[in-house]
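Colleague: Sharing a structure with you now.
The values are calculated or read from the model by the stated rules, or taken from the named source; none is laboratory data. Being a predicted model, the structure only gives us computed values, none of them experimental. With ideal geometry, Cβ positions are generated from the backbone for all residues, glycine too; neighbour counts draw on all protein chains shown. Remember, those area values only see protein heavy atoms, side chains included, never the ligands or the DNA or RNA. Shrake-Rupley method; radii C 1.70, N 1.55, O 1.52, S 1.80 Å.
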Amino acid sequence: MVFNIDQMIESVNNMDLKYITFIKNISRKDLHLVGGKAANLGEMKNAGLPVPNAFIITSNAFKKFLEDTGMYEKILRIMEDADLNNPTSLQEKSAVVRKLVENSKIPEDLAVEIIEAYRYLSQEFGKDSEYVAVRSSATVEDAPSASFAGLYSTILNVKDVDSLLESVKTCWASLFTPRAIFYRLQKGFKLERTLMAVIVQKQVGTLTEKDYLNGKVKAGVGFTIHPATGEKNKILIEASWGLGESVVAGIVSPDTYVIDKKSGALIEKYIGSKEKIILTDYRGGLREVETPENLRVIKCLNQDELKTLWQLSLKLEEYYGSPQDFEWIFEDGKIYLLQSRPVTVFYEKKEEEIRIKKTPIIKGLPASPGVAIGKVRIVEVLEEAHKKMREGDILVTKMTSPDFVPFMKIASGIITSEGGVTSHAAIVSRELGIPCIVGAKNALTLLRDDQLVTVDARRGLVYDGEVRELLAREKALEVTPEEAAKFETKTKVLMNLGMPTEIEKYRHLPFDGIGLMRIEFIIAEWIREHPNYLIEKGEEQKYIDRLAEGIAVVARAIYPRFVVVRFSDFKTNEYRQLIGGERYEPEEANPMLGWRGASRYISREFEKAFRLECRAIRKVREEMGLNNVWVMIPFVRRAWEVEECLKIMEEEGLKKGLEDFKIWLMAEVPSVIFLADQFSKICDGFSIGSNDLTQLILGIDRDSAILANMGYFDERDEAVKRAIKHLIENAHKHGVTVSICGQAPSVYEDFLEFLIGIGIDSVSVNPDAVCKTRKYIYEIERRKQTMIRILR
C-alpha cells in the first residue's frame, strides 16, 4: 500500500489526533488504551527518566480499523467455526485472519494520523523520515501478558512510511496467532477486550558504521544491587560497543563495572573482549560486525558515563521503590533508558527464620512443601476413609495407593508413617499441591482422631494445635503465576502430570510443556482392566479410546505446547491389581528391578498391549489433530531393546523422524549413562529419572524410610552428579536434548544450580513447584551470566 505523502501533508496540518497519543501523555491508568508495555514506558517518561520519544497508535485505532474495513464481523464469522479441540482447524483460521489483517488497507484518515505523528516524531530529530522501532502492546484484561513473552511482534529500525504502515499491520495481525486465539477462546475473552495498541518509538543508535567503529554507540545493562552477591550497597554495570542486544543476548563478553551506591566511586572494573558490534543498517533492520582490535582491549565507558549511570540507577530505585535491572544506551554521548524491571536474587527467597514456641510432636520427611492446619483422621485401612474423611482433614495413614487418591484430593495435609520422598503419597501430593510428610514413624500411635494439628511439610514437622505463624511464612515464600511468568529463561521449565483432569487447574501456569505425562492413572482409574484381558475379550478398542481420550484432554488444553507421554511403567505387582491382571502377571520378588518398561514392550507376553498404546498415540496425533504429543520409553536397559521398540512403533505409524514428533528415553538405569553415546544415536532426547537413577547407582531402595531418614537417599551424591554430567556432555555432542523429571531440582536449590551449570536443557517439575522453579532458574541464569563475565 503506497500513500502520496505530499498530497496528504497539507490536509493534516491542523487535524486533531483522535487515535494517536504521545508517550508523555500516558500512565498506568491508560492501560486499556495503550496496553501494558506502552503504559510502563509512559510512567518512566513522566518520572523524568531519559526514555526515547514515542507515539502510541491506540487500541481505538485498531478498533476503527476492524470496524471500517468490516473485518470485525469477518473475524467473528471465521472464529465461530474455530474448534478448540482441533488444532489444525485453529491454525488454518489463524492464518486466514492474519492474512486478512495484513492484506487490508488502513483507513485513510487513520493512516493520515499515523503519518502526521510519524512526521512530528521525525522532525523532532531534524528529519523528514526517522528510523523507528515498532512494538506491539496488547490490552488483554486479566491476562498476564508476560505469560506470552515474545508472542506479539516487534520490528526494529523501520525506515519509511510504507514500512511503518506495514509494520503496524504486522503488530495487529500478531494478535491472531494460534496460541493467542486459543488462549482467548479458552478463557472466554471477547474480541473487544483483546485489542492491540502499537508503540512507534525513535530507534536509538542510527549512526553510521564509522561512528560505531569510533565508539560513539555503547550500551548494556545495569543492576541497582549486585546480582551475584545480593549486596545492596553496590551497583553493577555491563557494557559493550554498539547496541545492547549483544550484551542482553550474551553474544559478547562485556566490560563489567562495580560502583559504590553511596559515593558513586568505581570499586572494580573488568575489561571484556567485546567480540562483536551490533548496529543499525541504513536499509532497515540490524546487522553485526567484528569489533576492531583497538576497541576490544579498552574500557568502553568513561568516568562521566559511569557517573551518569550511577545517578540513573539511584533515580530508578527511588522511583520504583525496589532494586531494578535496566537496559540503557549512549548515542553520541547522550543516554537513553530502554527498559527497567525488578531484580530478584536468590538471597531474597531464602526462608525467613520463624521462632516457634511449641515443640513438634512428630518429625518425618518433607515430601510436598506447604503448611496445613486441620483435624486428624487416622485411616489404617481404605474402608475407614469412606466413613471418616471430610474436606480439609489431615489424612494420617501407613502408606497410600492409587485407591486413596479421591481422599487425598480432599485432604488439606497428608502424613504417612512409612515411605520415602518418592513414594506414592509423596508423588501424588506434590502433583495435587497438598502438604505431605512421609516416614513419620510414630504418626499412627501419637496422633488421634479429631486432634487439631499443624503440618509443616516444608520441614517435616507436626505441631499440636494451630501455629498460624507458619501460614505467614508460606505466604511470604509464595511465587504467583503472574510473577513467575515474567521470568524468561534459557532453560525450559516443564511440568509433570499424571491425572488428566488436573490440567484444568494448572493450564494457566507458566510452563513450556509437559515433560512427563504418566498414563498409569488413566489405566488404573479410567480403564481399570488389564490390557491383555481386554485383548482376550476382543475389547482392544476400549483400551485405545480411553487412553487417547485421557492424553487428548491434556494435549488439547495446553496446545501448542508439547506433551511428552511416557509409555506405561507399571511394575508387575501394580499390573496384577488391574481387573484380570493376576492371569497375566507373575509374582516377582523385586518388581522394581523386574519386568517393566522397554523389556515389557518387546516381550511376547505384552507386545500386543504395547501396540495398543502406540495406536492410542497415533489416534491422538492423527485423528484428533494433536501433533504436540511426543512419547518416552521408560526403564531402558539395552540399546538393542530400544531398537526393537522403535521397530514396533514404526509398524504402528510412529516412525522416528516424523514431523513434529520426538522420541525420548528415560535415563534411570546406569547402563544408559555409561553408553550415552550409543543411546544418543537412537533417540531425540533423554529425561533423567533421578529417583530410580539414584537408587540404582547407590544401591538404595527409594521407598525405604529407614535409609531416607539416615540420609542415604540423596540425588546430590557426587556419584549421581557425575553420572548426570556425563550424560549431558555426550548427549549434546550428538545434538540430543536432556531433561530431568525427578523431584530433586524443586527441592534442592543447590542441585538445580548444578544442573543449570552443566547445561541441562529443561527441568520438569510437579505443578506446585512450577512457579518457584521458573523464578529460581531465572535467578541462577542471571547470576551465572554475571559471574562468567566478571571472571573473564
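Colleague: Here is a list of conditions, (1) over 30 Å from THR308 (Cβ atoms); (2) in contact (Cβ under 8 Å) with a residue 24 or more places away in the chain; (3) among the aliphatic types (A, V, I, L, M), and ALA54 meets all of them except one; can you say which number that is?
Modeller: All conditions are met except number (1).
Colleague: Output the number of residues of region 585-627 satisfying the condition of being open to solvent by less than 60 Å² (accessible area, probe 1.4 Å) and touching a residue at least 60 places away in the same chain (Cβ under 8 Å).
Modeller: Here the count works out to 14.
Colleague: If you don't mind, there's one more thing I want to ask. Would you check which residues across region 728-777 are in a loop (DSSP other than H, G, I, E, B), closer than 20 Å to TRP630 by Cβ and over 18 Å from the mean Cα position of the chain (by Cα) and list them? Quick ask: steps written out before the conclusion?
Modeller: Narrowing region 728-777 to residues in a loop (DSSP other than H, G, I, E, B): 734-736, 741-743, 748, 758-761, 766.
Okay, now just the ones that are also closer than 20 Å to TRP630 by Cβ, so 734-736, 741-742, 760-761, 766.
Of everything in region 728-777, those that are in a loop (DSSP other than H, G, I, E, B), closer than 20 Å to TRP630 by Cβ and over 18 Å from the mean Cα position of the chain (by Cα) turn out to be HIS734, GLY735, VAL736.
Colleague: Within the set of pairs 6+ apart or on separate chains, which have a first residue in region 112-135 that is in contact (Cβ under 8 Å) with a residue 40 or more places away in the chain, a second that is open to solvent by 50 Å² or more (accessible area, probe 1.4 Å) and of a type in the set (D, E, K, R), and C-beta atoms under 6 Å apart?
Modeller: Matching pairs, first to second residue: TYR131/LYS159.
Colleague: Do we find that TYR19 is at pLDDT 90 or above, more than 32 Å from the chain's Cα centre (by Cα) and open to solvent by 40 Å² or more (accessible area, probe 1.4 Å) in this structure?
Modeller: Details: at pLDDT 90 or above: yes; more than 32 Å from the chain's Cα centre (by Cα): yes; open to solvent by 40 Å² or more (accessible area, probe 1.4 Å): yes.
Considered against the rule, which asks whether it is at pLDDT 90 or above, more than 32 Å from the chain's Cα centre (by Cα) and open to solvent by 40 Å² or more (accessible area, probe 1.4 Å), TYR19 comes out as yes.
Colleague: Select from region 152-182 the residues that are open to solvent by 30 Å² or more (accessible area, probe 1.4 Å) and either aliphatic (A, V, I, L, M) or modelled with pLDDT of 90 or more (or both) and list them in ascending order.
Modeller: Across region 152-182, the qualifying residues are ILE155, LEU156, ASP162, SER163, GLU166, THR170.
Colleague: Looking at region 516-551, which of its residues are within 34 Å of the chain's Cα centre (by Cα), of a type in the set (A, V, I, L, M) and over 17 Å from ILE427 (Cα atoms)?
Modeller: Answer for region 516-551, where residues must be within 34 Å of the chain's Cα centre (by Cα), of a type in the set (A, V, I, L, M) and over 17 Å from ILE427 (Cα atoms): ILE523, ILE527, ILE544, LEU547, ALA548, ILE551.
Residue-by-condition table, conditions (1) surrounded by 23 or more Cβ atoms within 10 Å (Cβ to Cβ); (2) over 30 Å from GLY364 (Cβ atoms); (3) at pLDDT below 95:
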| site | (1), (2), (3) |
| --- | --- |
| MET666 | yes, no, no |
| GLN678 | no, yes, no |
| CYS683 | yes, yes, no |
| SER687 | yes, no, no |
| LEU698 | no, no, yes |
| ASP703 | no, no, yes |
| LEU707 | no, no, yes |
| MET710 | no, no, yes |
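Colleague: Anything in region 642-672 that is part of a helix (DSSP H, G or I), closer than 15 Å to VAL631 by Cα and in contact with a Leu (Cβ under 8 Å, 6 or more places away or on another chain)? List them, or say none.
Modeller: Within region 642-672, VAL642 is the sole residue that qualifies.
Colleague: If you don't mind, there's one more thing I want to ask. Considering only region 356-463, give the helices (runs of 4 or more DSSP H) lying wholly within it that have at least 3 residues that are in contact (Cβ under 8 Å) with a residue 40 or more places away in the chain and crowded, with 22+ Cβ neighbours inside 10 Å.
Modeller: Working: elements: 382-388, 405-410, 424-432, 443-446.
Qualifying helices (runs of 4 or more DSSP H): 424-432.
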